[in-house]
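Asker: One structure follows; several queries about it will come next.
The values are calculated or read from the model by the stated rules, or taken from the named source; none is laboratory data. Just so you know, these numbers come straight off a predicted model, no measurement behind them. All Cβ positions, even for glycine, are placed from backbone atoms using ideal geometry, and neighbour counts span all protein chains on display.
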Amino acid sequence: MGAWRDYIGSMMQAGVMLNGDGLQPPATATTVKVRGGARKVQDGPYCEAKEYLGGYVTLEVDDLDAAIKWAEQSPAALSGSVEIRPVMMNATG
């Protein structure tokens, strides 16, 4: 946890972190889908996988290269992986 505190602190100090949260384990998930007009609710994650989303952070950086530099400093990059995605902008920008 100390490595995560340091990493989050570095992003906050650099002024690039907008928000973020850790997530509960996959077993606490509820998956909802609608098929043929019928709602289906399933306890747990949708797929069986060894990897799962443990949390997220939203950064505001100039470009993908800057995002990659922050991602490589994540404690998760040492034993798992870090996925980078752009935020989908709404009609107002």
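Asker: With respect to THR58, is the statement that it is over 18 Å from SER79 (Cβ atoms), touching an Asp or Glu at 6+ places or on another chain (Cβ under 8 Å) and β-branched (Val, Ile, Thr) true? Quick ask: steps written out before the conclusion?
Answerer: Details: over 18 Å from SER79 (Cβ atoms): yes; touching an Asp or Glu at 6+ places or on another chain (Cβ under 8 Å): no; β-branched (Val, Ile, Thr): yes.
So THR58 fails the test.
Asker: Sticking with this one: Any residue in region 12-41 that is more than 30 Å from ASP62 (Cα to Cα) and modelled with pLDDT of 90 or more sitting within a Cβ distance under 6 Å of a residue that is part of a helix (DSSP H, G or I) and of a type in the set (Ser, Thr, Tyr)? List the pairs, counting only those 6 or more apart or interchain.
Answerer: none
Asker: Among the strands (runs of 3 or more DSSP E) confined wholly to region 7-76, which include 2 or more residues that are under 15 Å from VAL87 (Cα atoms)?
Answerer: Numbers: elements: 17-22, 30-35, 38-43, 55-59.
Once the strands (runs of 3 or more DSSP E) in region 7-76 are filtered for at least 2 residues that are under 15 Å from VAL87 (Cα atoms), what remains is 17-22, 55-59.
Asker: I'm trying to understand the selection: among the residues of region 1-47, which are surrounded by 10 or more Cβ atoms within 10 Å (Cβ to Cβ), farther than 14 Å from SER74 by Cα and of a type in the set (Gly, Ala, Ser)?
Answerer: Those that are surrounded by 10 or more Cβ atoms within 10 Å (Cβ to Cβ), farther than 14 Å from SER74 by Cα and of a type in the set (Gly, Ala, Ser): ALA14, ALA29, GLY44.
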